Amino acid sequence: MYMIVGASGFLGAYLIDELLEITDEEIIAVYHNRKGIQRDDRIKWIPCDISNLRSVERLNAEFKHERKRIVFLTAYHNPDMVFENPSFAWNINIVALSNFINVLNNVEGFIYSSTDSVYGNSINGQKYLESSELNPVNIYGKHKVLAEQIVVCYGYNVVRLPFMIGHSMAVGKKHFYDKIIETLKSGNEMEMFVDSYRSTISFRQAAQYILTAFEFINKHDFPQVINLCADEGISKFEMGQMVAKTLGLRETLIKPIYLKDNRTIFKTLRADSTIMDNTLMKMWYGVKDVKFDVKSC
């Protein structure tokens, strides 16, 4: 059995979509506010407020006898919102995660979705290894550092993911990718940062890499923390041009702007660039090159 916690979000929808293709096992899709769009006899949509201990205990009681492979996606993750609501964010990102892990039993594998925000700024194109010093620049990143430590302490696994993009399969939510397409198709210009770099992959790629990790996590030498990302960092401007070119839209509508000139866009500090090293990933997955795949969006 697979259990996706936070299944109605962007990445959760892609994970379920992938599972429907690769397995006949039952899929437990845990959600809070919105049930996802996928409909299949193998999917069981279960409401659960992970910040409510009794709700988590009921979830465990319902499935306590089944062996579970769990992907935990739930987080209060917008850095500005975390900055403005630190207590609420703490309860979701730290307390609820700890309670969930402590309550759920009969777990065959547990993968926690973390972020490149734990690293901080890449200076002069620096690539962060899993063993690199963590130096997050905001509260959200600090929460994820502590959350990772909780997960690893329990003997479970962490995947660090970069900025991800793709069309939204989530209910009632458009992703940045959808906004790019809508803007370009309408003939309007789209401003995108040219001086901020991330090891971007698509949601589809991330979902495939995460599910493949279940093949490795019970091997004694598989790292408890691993970067799942592209080989090189690209800017959002470059990404936008790649999307436009692939879809036959006007690349010239993508206009470069500079993060250094737009500091007031965000309420709290964010890393200018964060580029991750994927050497461990390529070794374990047996791949030579990992690039942002626009067609998988």
(message) So, restricting to helices (runs of 4 or more DSSP H) that lie completely within the range 39-100, which ones have at least 2 residues that are farther than 30 Å from Gly141 by Cβ?
(response) 53-63
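Yes/no per residue for (1) out of contact with any Phe, Trp or Tyr (no Cβ under 7 Å at 6 or more places or on another chain); (2) closer than 25 Å to Leu134 by Cα; (3) not hydrophobic (A, V, I, L, M, F, W, C):
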residue: Gly240; (1), (2), (3): yes, no, yes
residue: Leu247; (1), (2), (3): yes, no, no
residue: Glu251; (1), (2), (3): yes, no, yes
residue: Ile254; (1), (2), (3): no, no, no
residue: Asn262; (1), (2), (3): yes, no, yes
residue: Thr268; (1), (2), (3): no, yes, yes
residue: Ala271; (1), (2), (3): yes, yes, no
residue: Asn278; (1), (2), (3): yes, yes, yes
residue: Met283; (1), (2), (3): yes, yes, no
(request) Would you mention how many residues in the range 248-278 are of a type in the set (S, T, N, Q), under 19 Å from the mean Cα position of the chain (by Cα) and not in a loop (DSSP other than H, G, I, E, B)? (result) 1
(request) Could you grab me the full set of residues in the range 122-149 that are open to solvent by 30 Å² or more (accessible area, probe 1.4 Å) and assigned to a helix (DSSP H, G or I)? (result) Ile123, Asn124, Gly125, Ile139, Lys142, Leu146, Gln149
(request) Name every residue in the range 169-214 that is at pLDDT 95 or above, within 30 Å of Arg39 (Cα to Cα) and part of a loop (DSSP other than H, G, I, E, B), in order of residue number. (result) Thr200, Phe214
(request) Tell me, please, whether a residue that is surrounded by 15 or more Cβ atoms within 10 Å (Cβ to Cβ) and part of a strand (DSSP E or B) can be found in the range 12-19. (result) no
(message) I'd like the residue in the range 56-72 that is open to solvent by less than 30 Å² (accessible area, probe 1.4 Å) and touching a strand residue (DSSP E or B) at 6+ places or on another chain (Cβ under 8 Å) and, out of all such residues, is nearest to Val151 (Cα to Cα).
(response) Phe72
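The values are calculated or read from the model by the stated rules, or taken from the named source; none is laboratory data. Just so we're clear, the structure is a prediction, and the values are computed from it rather than from any experiment. Please note: Cβ atoms are built from the backbone with ideal geometry, for glycine as well, and neighbour counts cover all protein chains shown. We work out accessible area using only protein heavy atoms, side chains counted, and drop any ligands, DNA or RNA first. Shrake-Rupley method; radii C 1.70, N 1.55, O 1.52, S 1.80 Å.
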